[in-house]
Amino acid sequence: RFDGVTMAPPDPILGVSEAFKASTNEKKLNLGVGAYRTEELQPYVLTVVKKAENLMLQRGENKEYLPIEGLAAFNQATAELLFGADNPVIKEQRVATVQGLSGTGSLRLAAAFIERYFPGAKALISSPTWGNHKNIFNDAGVPWSEYRYYDPKTVGLDFEGMIADIKAAPEGSFVLLHGCAHNPTGIDPTPDQWEKIADVIQEKNHIPFFDVAYQGFASGSLDADAASVRLFAARGMELLVAQSYSKNLGLYAERIGAINVVLTSSDTAVRVKSQLKRLARPMYSNPPIHGAKIVANIVGDPTLFSEWKAEMEMMAGRIKNVRQKLFDSLCAKDKSGKDWSFILKQIGMFSFTGLNKTQTENMTNKWHVFMTKDGRISLAGLNLAKCEYLSDAIIDSYHN
Ligand code: PMP
């Protein structure tokens, strides 16, 4: 009876890792998935995470179920990290926070909430965006359309197009925004541009929906990377924020994150939270405890907290060094006069190279550089030693 099931296409991002594994070429480089690697290109478990885990073992903590909304200490810590502990939205208890299955699960829960309480409302997503956003809204039954974001001419932000498209959308749409380190482009609005984006969103009674997957991992500072979200919250707007600890704490497989909904009263926050729980219960009942405890233990301990910040700066710093080296070596090797400065203007673990589909195929087929077809490379999967090789590959692919 299952004979009619057709083969699903491979995931455009995770499929790259599978192709990389299958390759036997010794020069192969995996710049597909966004996971941090050391200079030796090995996966990295933060020292502070190991310390927190040891502490948990010593305390003999149990594995009882968490409540549907997750670990209370985690939920408090995560909302405070995002908004700042002194933020009026926290003080006035206007945030409904529910622990989610990392960024993806938190986005998905919010999408289910939108579908249920705002039926027919549209999500607006950037063109391009992280590939899974479309899947998430599709599966949740939330109609979506794209707003202009990337300008191929400048390999920069199409700000006018973005504003025009947000303005043209039906009132009360949910505008999905990347809090920092836009994936896949690495192009973020300036603080001035964020203000203007907030202006049109307010003007149109839209609801901002932030995806914050890189807090502290983009610039190295938790506060700086949350500035966009805080700017919107300071305007007294209602908004949603999905958070992930995959990158900034390297907890990819622990699936730890949260969905935060900022409301105009603590009363509404209580009701919204109750409905998020109602949606979560039949989907997965309650979230996993291990990652939540790690985050709560680290943020709740001043020594561990500062150690985390130092490690995050180290990771962000390594990526910045690689970005600089790649830029330098592209400039030194490319005799065509092409302006590569866009690479330095981008932020976060990804760089958008501007390579098209055929050119990325050349990258993979000829140079064994595995990357997504949209021209995105993960700088976290690159080291200083491979920058020259990569620039040869990029230059060859561009000019052929
Ligand atoms: N949003 C964006 C923009 C991302 O880049 C990612 C990770 N690649 C996520 C959400 C979710 O990741 P996770 O589910 O591991 O938290």
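Calculate, for LYS345 and ALA8, the FRET efficiency according to 1/(1 + (r/R0)^6) with r their C-beta to C-beta distance and R0 41 Å; round to the nearest 0.05.
0.65
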Check: C-alpha center region 19-55 vs C-alpha center region 81-133, spacing in Å is 28 Å
So the FRET efficiency between SER306 and GLN193, C-beta based with R0 = 35 Å and rounded to 0.05, is 0.60
Region 303-400: relative contact order from alpha carbon pairs under 8 Å, six or more residues apart, as a whole percent, is 33 percent
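Length gain on complete extension for the stretch THR264 to ALA168, per 0.36 nm per residue less the alpha carbon to alpha carbon distance?
Fully extending the segment from THR264 to ALA168 adds 32.0 nm.
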Percent relative contact order for region 65-300, counting Cα pairs under 8 Å at least six residues apart, stands at 31 percent
To the nearest 0.05, the calculated FRET efficiency linking ARG59 and GLU39 through their beta-carbon distance, R0 being 30 Å, is 0.30
With N residues in the chain, Rg(alpha-carbon) / (2.2 N^0.38 Å) equals 0.99
Note on the chain: contact order normalised by length, alpha-carbon pairs under 8 Å, 6 or more apart, percent, works out to 25 percent
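With a length cut of 24 Å (Cα positions projected on each helix's long axis) and a Kyte-Doolittle mean of at least 1.6, go through the chain and give me the DSSP H helices that pass.
The qualifying helices: there are none.
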From DSSP H assignment alone, runs of 4+ in the chain each adding -39500 (n - 2.57), the sum over residues rounded to the nearest 500 puts [θ] at 222 nm at -14000 deg cm²/dmol
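Every read-out reported here was derived from the displayed coordinates using simple, explicitly stated rules and does not represent laboratory data. All figures in this text were calculated on a predicted structure; none of them were measured in a lab. In this analysis, Cβ positions are derived from the backbone assuming ideal geometry, glycine residues included, and neighbour counts consider all displayed protein chains.
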